[in-house]
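What follows is a set of notes on a single structure, which appears directly below.
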């Protein structure tokens with residue numbers, strides 16, 4: 001008899017998934033008539049087709065076939081507040097009564113900017129955009145103009161939005177057309193080699209880095225590495241840009257940079273996600289000398305337009321979220337909850353191929369043979385077993401837990417302790433049932449590492 005494999009188990013799980021989701025399947029098939037592959041957002045696609053969400057409330061999602069899920073994906077960190085938080089809903093309703101789009105300045109944009117600046121002291125001045133992608137695009141534009149240079153040092157496995165994707169040492173063919181130098185994350189030597197190469201010396205405008213690689217697998221930067229990058233950027237005459245689009249929620253809501261001494265913080269920061277209160281949002285900002293290039297009172301000012309940069313709903317919702325819900329104290333509580341969950345999940349996974357990386361409330365599952373202590377950069381988990389990953393994802397969906405197919409998940413403020421305990425139990429059960437696929441052997445229900 002041929003031994004069962006993770007691939008075979010995954011194929012069976014896919015057939016069960018198809019049988020349980022006829023309405024989602026029909027919705028997806030109809031979408032393929034107008035959208036390439038039925039999709040307009042690559043990250044939310046997975047085979048054989050994604051479930052079609054019909055509504056959401058609190059920490060719950062409900063699909064077209066009537067299934068209920070605990071939402072652990074948290075809209076890839078943008079869903080920090082959960083679904084339809086009443087203070088934000090009330091604020092949006094009141095704002096709508098005053099009009100949807102003004103084509104003018106209004107009070108909430110200055111109020112929201114002041115709140116963001118309070119949490120990110122490295123941002124003397126800032127400007128709003130419509131997404132994290134735009135925020136990074138504008139931060140790099142500012143860096144190239146300010147320095148008069150063109151090259152940008154980035155990191156393998158990083159994702160800075162739809163125009164900035166890097167994997168296997170390559171830049172995506174649809175990336176913004178900068179001359180990229182692709183270094184290895186948490187690897188000081190690789191950065192030094194690139195910066196000191198004769199063709200690059202004196203020609204680098206910026207070092208763009210996530211203080212924790214997000215979409216590339218939730219891999220935190222070592223604190224010493226961030227210290228090194230600060231010095232390396234200064235020595236190279238380049239700007240250090242932190243992409244904290246995902247990690248702005250960390251600690252007291254001031255991002256990972258809040259844990260660095262002021263002198264080691266970035267020149268520019270890009271933000272996005274939840275800071276718009278659930279609406280489309282982005283922001284970039286930093287040192288006054290750089291951001292004043294955008295001051296329209298100056299005859300030489302750089303133009304930065306955007307119909308929805310100061311969208312009235314986004315500005316009002318973002319202001320409400322920071323003032324009324326995501327206080328620094330609540331941010332610290334979420335950080336601690338994430339750290340406790342990480343410890344519980346690692347205990348549940350045991351000595352298996354399942355590894356859980358991350359920091360605070362942003363975490364990711366990997367099915368890799370790489371030991372925890374050797375996971376320093378995304379390339380260290382490129383051996384991720386996609387069959388096991390797909391099987392695990394389908395397993396969780398069947399049991400009412402919603403995460404990304406790639407294993408990524410982010411906590412929201414509305415998840416309860418009971419939700420998280422049930423999730424840990426589901427992971428524990430997956431490890432028990434699929435012990436053989438995870439590098440374990442079972443004896444009378446007891447798992448033993450090889």
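Rule-based calculations on the coordinates, nothing more; no lab input. Worth saying up front: this structure is predicted, and the values here are computed from it rather than measured. Note: ideal-geometry Cβ built from the backbone for every residue, glycine included; neighbour counts use all protein chains shown.
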For the chain, what proportion of DSSP beta bridges, expressed in % and rounded to the nearest 5, is antiparallel?
70 percent
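Tell me what the chain gives for mean residue ellipticity at 222 nm when only DSSP H runs of n ≥ 4 count, each as -39,500 (n - 2.57), the sum divided by the residue total, rounded to 500 deg cm²/dmol. List each step's numbers first, then the result.
Numbers: 12 runs with 154 residues, N = 450.
Only helices count here, giving -11000 deg cm²/dmol.
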To the nearest Å, what is the center-to-center distance of region 377-430 and region 251-321, using C-alpha atoms only?
32 Å
What distance in nm separates the simple spin-label points at residue 323 and residue 23, each placed 7 Å from Cα in the Cβ direction?
3.9 nm
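As a footprinting exposure proxy, order 241, 18, 403 by other Cβ within 10 Å, with the fewest listed first.
Details: 241 30, 18 13, 403 23.
So the residues, fewest neighbours to most, are 18, 403, 241.
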Hey, in the GNM for the chain with a 10 angstrom Cα cutoff, which one of 44, 245, 209 fluctuates hardest?
44
Under a GNM of the chain (C-alpha, springs under 10 Å), which listed residue has the highest mean-square fluctuation: 157, 202, 389?
202
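Give the shape of region 1-144 as rounded, prolate or oblate, defined through the alpha-carbon gyration tensor: a ≥ b ≥ c are the square roots of its eigenvalues, a/c under 1.5 means rounded, and otherwise the shape is prolate if a/b is larger than b/c and oblate if not. Let's see the in-between values first.
Values: a/c = 2.39, a/b = 1.88, b/c = 1.27.
Prolate shape, in that a/c is at least 1.5 and a/b is the bigger ratio.
Can you work out the FRET efficiency for the pair residue 55 and residue 196, with r the C-beta to C-beta distance and R0 = 41 Å, to the nearest 0.05?
Details: r = 55 Å, r/R0 = 1.34.
So, using R0 = 41 Å, E works out to roughly 0.15.
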Quick check: residue separation of residue 124 and residue 62 times 0.36 nm, minus the Cα distance between them. What number comes out in nm?
18.1 nm
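Could you grab the relative contact order for region 86-325? Cα pairs under 8 Å, six or more apart, rounded to a whole percent.
About 29 percent, as a whole number.
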So I have [x] 29.1; [y] 23.4; [z] 30.9, and one of them is mean projected area of the Cα convex hull in nm² calculated from this model. Which one is it?
[y]
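Out of all DSSP beta bridges with both ends in region 86-325, state the antiparallel percent to the nearest 5. Walk me through the intermediate numbers first.
Details: 15 of 29 bridges.
Beta bridges within region 86-325, antiparallel portion: roughly 50 percent.
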Percentage of interatomic Cα-Cα distances in region 164-239 larger than 14 Å:
63 percent
Applying 1/(1 + (r/R0)^6) with R0 = 41 Å to the Cβ-Cβ distance of residue 168 and residue 288, what FRET efficiency is obtained, to the nearest 0.05?
0.60
Each label sits 7 Å from Cα toward the beta-carbon; between residue 96 and residue 231 the label points are separated, in nm, by 5.5 nm
Taking a ≥ b ≥ c as the square roots of the eigenvalues of the Cα gyration tensor of region 314-379, is the shape rounded (a/c under 1.5), prolate (a/b larger than b/c) or oblate?
prolate
With the calculation restricted to Cα positions, what are the radius of gyration and Dmax of region 351-409 in angstrom?
11.4, 33
Gaussian network model of the chain, Cα springs within a sub-10 Å range: biggest mean-square fluctuation belongs to which of 306, 400, 277?
306
Global form of region 222-335, assessed from the alpha-carbon gyration tensor, a/c cut-off 1.5
oblate
